[in-house]
Amino acid sequence: MNENRYHSWLNKHPSALETFDEMIVAAKGKKIVVFLDYDGTLSNIVPNPDQAFMSKKVYGFVKLDDIYYAGSHGLDIAAPFQCIGDPKFQNKAFDKNHRYTSLQFARYFDVLKEETNDIKGVMLENNKFCVSVHFRHVSDEDFPILEEVVKSVVDELEEFRLSEGRKVFEIRPDIEWDKGHAMEYLLETFGYGSSNDVLPIYIGDDRTDEDAFKAIKKRGNGYSIVVSSSPKDTMALYSLRSPSDVKKFLSRLVIWNSSSNLS
């Protein structure tokens with residue numbers, strides 16, 4: 001990687017660690033709500049998604065029993081002790097006109113599994129509201145075959161769409177819902193929908209996180225932080241180089257928050 005090119009990119013997307021003190025000025029007197037992607041943000045990218053784990057230190061200062069989880073681009077949302085997913089959106093994904101159900105979606109997963117069985121390196125994930133087809137270990141020679149198979153399956157799904165992330169194809173409901181909508185929905189749930197007393201911080205590394213970055217820009221307040229070790233097109237205002245830097249940033253945020261509550 002050209003370090004000069006990366007440092008030039010940092011002029012547009014400065015390090016959230018190096019500019020932490022400047023960033024935190026806007027947080028005084030406000031409720032900070034942190035949104036975090038997982039794979040590639042809290043955990044390093046690994047060959048098998050099931051092997052992606054946060055470090056023990058992150059577990060230590062993030063109180064996992066008190067956080068909210070959102071999967072499948074925000075379609076599947078759960079609170080610490082209750083489901084807060086909005087039925088208005090979740091049912092629409094599969095039951096519009098009573099034609100699609102999660103069972104039917106599962107059958108398409110089985111079809112994909114059968115159709116891609118002979119393509120070496122393919123890994124499938126059934127995430128309830130999204131099927132992920134990982135091709136990180138698929139050869140350049142086999143990739144066009146995989147792409148054709150996936151697209152042919154999606155063509156049969158009238159109300160599902162195909163998107164591409166970081167070495168992954170994702171099949172999800174074709175509705176107006178993404179990580180940006182999920183973030184806004186959660187803020188509404190917390191009672192901060194139109195509040196000026198909240199400062200949302202979203203940290204992510206993938207193309208799908210750009211929707212959340214756009215949502216923060218549209219709000220006119222909050223911080224969007226992209227995790228990347230190389231220059232990339234992004235709507236994020238700030239950057240961090242790796243999950244290790246994310247851990248450092250979150251640690252500083254926790255320390256700052258604790259000290260500000262004492263003062």
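Suppose R0 equals 22 Å. What FRET efficiency, 1/(1 + (r/R0)^6) with r the Cβ-Cβ distance, do Lys151 and Met235 give to the nearest 0.05? It would help to have the intermediate numbers written out before the result.
Details: r = 27 Å, r/R0 = 1.23.
Approximately 0.20, to the nearest 0.05.
Extension gain for the segment Glu18 to Ser163, taken as residue separation times 0.36 nm less the Cα-Cα distance, is 48.8 nm to one decimal. Applying the Karplus relation 6.51 cos²θ - 1.76 cosθ + 1.60 with θ = phi - 60° to region 20-37 yields 3J(HN,Hα) values of 4, 4, 5, 4, 6, 4, 6, 8, 4, x, 10, 7, 8, 10, 9, 10, 10, 5 Hz, where x marks Gly and Pro. Applying the criteria of a DSSP loop state and at most 10 other Cβ atoms within 10 Å to the GluC sites (Glu not before Pro) of region 175-219 yields Glu176.
The amide H of Arg166, built 1.01 Å from its N in the peptide plane, has Arg207 as neighbours under 5 Å, considering only residues 5 or more places off or on other chains. Count Lys and Arg as plus one, Asp and Glu as minus one, and take only other residues whose Cβ is under 15 Å from that of Asp233; the net charge is then +1.
All distinct Cα pairs of region 105-219 go into the 1/r average, and the inverse of that average, the Kirkwood radius, is 15.9 Å.
What net charge is computed for the residues neighbouring Gly180, neighbours being all others with C-beta under 12 Å from the C-beta of Gly180, Lys and Arg scored +1, Asp and Glu -1? Each step should come with its number before you reach the end.
Numbers: positive: Lys179, Lys214, Lys217, Lys218, Arg219; negative: Glu176, Asp178, Glu184, Asp209, Glu210, Asp211.
Residues close to Gly180 contribute a combined charge of -1.
Over 27 Å between C-alpha atoms is what I'm after, so list which of Lys151/Lys247; Lys120/Lys247; Lys31/Lys128; Lys128/Lys151; Lys128/Lys232 land there.
Values: Lys151/Lys247 37 Å; Lys120/Lys247 35 Å; Lys31/Lys128 32 Å; Lys128/Lys151 19 Å; Lys128/Lys232 30 Å.
As for pairs spanning more than 27 Å Cα to Cα, those are Lys151/Lys247; Lys120/Lys247; Lys31/Lys128; Lys128/Lys232.
Extension gain, His137 to Ile119: 0.36 nm times the residue separation minus the Cα-Cα distance gives 5.5 nm.
All of the numbers you see were taken from the coordinates with simple rules; none came from a lab. All figures in this text were calculated on a predicted structure; none of them were measured in a lab. No Cβ is skipped: glycine too gets one built from the backbone with ideal geometry, and neighbour counts run over all protein chains shown.
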